[in-house]
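Everything on this sheet refers to the single structure shown next.
The values are calculated or read from the model by the stated rules, or taken from the named source; none is laboratory data. On a predicted model such as this, the values are computed, not experimentally measured, just so you know. Here the Cβ is made from the backbone with ideal geometry for all residues, glycine too, and neighbour counts use every protein chain on show.
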Amino acid sequence: MFITQLESDFSLIKYHNISGKVKKEIREVSKDYIQIHFSLSENNKLIFNNGRYIMDVATNSAVFLYNPNEDLPINLDLSPNAKYIILLVGIDRFHQFFSKEAGLIQFLEGENAQKKYYTNKELSPREHVVLTEIFNFNLSPSLEVLYTKGKVYELLSIFFSKKEGPDNCPFLKDEANVKKIIKAKTIIIEQVANPPKLQELAQMIELPLKKLKDGFKQIYGDTVFNFLLNYKMELARDMIESQKFNISEISDQVGYSTPSHFIAAFKKKYGTTPKKYMSGL
């Protein structure tokens, strides 16, 4: 279990059951909190009222829980290999998220505010992508809270949005295509120093080149080239901040043929040279 405290009344809990058997997770939660559960893999179970009621949380689904009348402890049975995320948000904080969009949270308005509210839904491809990015966080530990908070806000905006726009794209509704684009991103990151050319990447994930380009832009909001460039620069900056590498080593590890090419790209991105950036640490 990993907990990221985003704010005093806003946290994310991440579970990955690698034990090979069902794992019990119990945590006290005040009635002042809304819970949103996300099951990324495997079928899991939420237990209520000392086992008198069991709610199945299927793979690739979300459960929203709110009970203003009594505390609602987390009592969770995680299946082997389960990946599971829970958001805990204080009621006041939650209201602030939607202060200008009250229509999105009608279950907290008027007389509904004192009624318990449970709902279960299948995750959309866009939601699954953001959750996967949260789960597979791979930047420096110093950036974890900032990165996770940004992704959680993105997730909430998708979760509570009306069903229109990008989610109606046929490509995004095809889970197999989405998984292939996620695989493409993984390949790029794993082979950042020597990434495959676009046509090779398309063949590796078994998608036509046009679908790779269009799908990547729809899911990640950027071209493959720009994503790779930005990832290289972020990785290089993290390596500089670690103070464990010299410029030549960083240049080599992020895939530049010469340090001068790396220096030029870094300066274009951040407005300063790697050496000056390093001296300011």
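When Ala264 is tested against the conditions (1) surrounded by 18 or more Cβ atoms within 10 Å (Cβ to Cβ); (2) aliphatic (A, V, I, L, M); (3) at pLDDT 90 or above, the lone failure is (1). The single residue among Ser19, Ser61 that is surrounded by fewer than 17 Cβ atoms within 10 Å (Cβ to Cβ), of a type in the set (Gly, Ala, Ser) and in contact (Cβ under 8 Å) with a residue 40 or more places away in the chain turns out to be Ser19. Return yes or no: is Ala193 of a type outside the set (S, T, N, Q) and either outside any helix (DSSP H, G or I) or under 24 Å from Asn60 (Cβ atoms) (or both)? Considered against the rule, which asks whether it is of a type outside the set (S, T, N, Q) and either outside any helix (DSSP H, G or I) or under 24 Å from Asn60 (Cβ atoms) (or both), Ala193 comes out as yes. Does Leu87 satisfy being more than 18 Å from Tyr118 (Cβ to Cβ) and of a type in the set (A, V, I, L, M)? No; evaluated as a whole, the condition is false for this residue.
Residues in region 55-79 that are part of a strand (DSSP E or B), over 20 Å from the mean Cα position of the chain (by Cα) and among the polar types (S, T, N, Q): Asn75 alone. Among the residues of region 196-245, the one identified as under 20 Å from the mean Cα position of the chain (by Cα), of a type in the set (Lys, Arg) and either assigned to a loop (DSSP other than H, G, I, E, B) or at pLDDT below 85 (or both) is Lys217. Filter region 225-267 for residues that are closer than 18 Å to Ser279 by Cα and charged (D, E, K, R) and give the result. Across region 225-267, the qualifying residues are Glu234, Arg237, Asp238, Glu241, Lys244, Glu249, Lys267.
When Asp222, Asp238, Asp252, Asp214 are screened for being in contact (Cβ under 8 Å) with a residue 60 or more places away in the chain and at negative phi, only Asp238 passes.
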